[in-house]
1. Based on this model, can you work out whether D179 counts as in a loop (DSSP other than H, G, I, E, B), farther than 19 Å from H82 by Cα and among the acidic types (D, E)?
2. For residues that are of a type in the set (D, E, K, R) and under 25 Å from G112 (Cβ atoms), tally how many sit in the range 178-207.
3. Sort out which residues of the range 213-264 are more than 24 Å from H292 (Cβ to Cβ) and basic (K, R), and write them in order of number.
4. Being farther than 19 Å from D179 by Cβ, buried (at least 24 other Cβ atoms within 10 Å of the Cβ), within 21 Å of the chain's Cα centre (by Cα) and modelled with pLDDT of 95 or more, is that true of even one residue in the range 312-325?
5. If N123 satisfies every condition in (1) free of Cβ contacts under 8 Å to residues at least 12 places away in the same chain; (2) under 19 Å from T224 (Cβ atoms) but one, which is the exception?
6. Among the residues of the range 257-303, what is the count of those that are in contact with a His (Cβ under 9 Å, 6 or more places away or on another chain) and of a type outside the set (A, V, I, L, M)?
7. Checking A170 against (1) without any contact (Cβ under 8 Å) to a residue 60 or more places away in the chain; (2) among the hydrophobic types (A, V, I, L, M, F, W, C); (3) assigned to a strand (DSSP E or B), only one condition comes out false. Which one?
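The values are calculated or read from the model by the stated rules, or taken from the named source; none is laboratory data. All values derive from a computational prediction rather than experimental measurement. Note that each Cβ is placed from the backbone with ideal geometry, even for glycine, and that neighbours are counted across all protein chains shown.
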Amino acid sequence: MNTYFNLHLLKSRFGKILLALTICNSVAGEATAQSADTIVTGNPVIKDKYTADPAALVVGDSVYLYTGHDEPPAGKEGYVMHEWLCYSSADMRNREEHPVPLRVKDFAWAKGDAWASQVIARNGKYYWYVAAEHGTIHGKAIGIAVADKPTGPFKDARGSAIITNDMTTAATISWDDIDPSVIIDDDAQAYLFWGNTKCYYAKLKANMIELDGPINIIDLPSFTEAPWIHKRNGWYYLSYAYKFPEKIAYAISRSVTGPWQFKGILNEVAGNSNTNHQSIIDFKGQSYFIYHNGSIPTQGGSFRRSVCIDNLYYNNDGTIKRIIMTTEGVKANAKAKK
């Protein structure tokens, strides 16, 4: 979410001048309201709300997109986020918005900041890992909500955070426990990845709400935040926000615990936004890169972000081609290279 909060605030005041040259996905015209089941043929894919930190989950013939919701009052600088949103699609072009499935206030231990999150399915349940500000332990924390359906309603699965700032001492900042990403490996072992300035991971118990071992650290070049872990054709991919303003870089490994081979930049600064946050999925024979920028022209920027989707392509050796950010969005018939 926010690497150096004060730096974000400082840079945002000059963002319209300094970052204008990097805008890759600006959308002409005013933001227009989207009704449920709306065809969206360009980026950003959600135009009636400011959305950020996308995480996608494939369930059968549908993709569920979970996002944060930027809500700062007009003229205010800084993150104001109280809830997470949910959308679904059967073709990545038609999209339905669902009732708000989860809010910060649903966690009794949390006091604010609905930061980045991810939902994963296991044994007929849906587990939503979220980052929020802890109410009694200084700093950010990671909580877990659970539901019987991907659209919720979700409720706190533990009654407490699974990760708090006093559990991670490798970083001196209070916001290093953010941006959770979860994978269930082929042997059914689940892993939780997260972090800011330090990339952490730990095993999860089969119940998905308890740690099953120590917290480990991965050494990645210029790691900032936003780890996303996925597996494809025998390779594990760990993508993450790189430097600041943030690009996305990635590393690959034959094991979920490494060692990791750094493979370079996936995409550049995502236009008019200091932060960058991604998810990567395969769906119906195509691969997708889902991210945010600040391209809604009314007030878009680092604190009023917008989710975008573009096609992603793999090389024959398993590496990923650089992402081409577009205003047109996903191609209806584009096929990901195997």
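1. On the way: in a loop (DSSP other than H, G, I, E, B): yes; farther than 19 Å from H82 by Cα: no; among the acidic types (D, E): yes.
Taking the combined requirement at face value, the residue does not satisfy it.
2. So the first thing to find is which residues in the range 178-207 are of a type in the set (D, E, K, R), and the list is 179, 185-187, 198, 203, 205.
Then drop every residue that is not under 25 Å from G112 (Cβ atoms), which leaves 179, 198.
Counting residues in the range 178-207 that are of a type in the set (D, E, K, R) and under 25 Å from G112 (Cβ atoms) gives 2.
3. R254
4. Looking for residues that are farther than 19 Å from D179 by Cβ, buried (at least 24 other Cβ atoms within 10 Å of the Cβ), within 21 Å of the chain's Cα centre (by Cα) and modelled with pLDDT of 95 or more, one finds at least one in the range 312-325, hence yes.
5. Among (1) free of Cβ contacts under 8 Å to residues at least 12 places away in the same chain; (2) under 19 Å from T224 (Cβ atoms), N123 violates only (2).
6. Adding up the residues that qualify gives 12.
7. Among (1) without any contact (Cβ under 8 Å) to a residue 60 or more places away in the chain; (2) among the hydrophobic types (A, V, I, L, M, F, W, C); (3) assigned to a strand (DSSP E or B), A170 violates only (3).
Here is a yes/no grid of residues against (1) hydroxyl-bearing (S, T, Y); (2) at pLDDT 95 or above; (3) surrounded by fewer than 19 Cβ atoms within 10 Å (Cβ to Cβ); (4) under 29 Å from N123 (Cα atoms):
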| residue | (1), (2), (3), (4) |
| --- | --- |
| I137 | no, yes, yes, no |
| I142 | no, yes, no, yes |
| N165 | no, yes, no, no |
| I178 | no, yes, no, yes |
| N196 | no, yes, no, no |
| K205 | no, yes, yes, yes |
| N216 | no, yes, yes, yes |
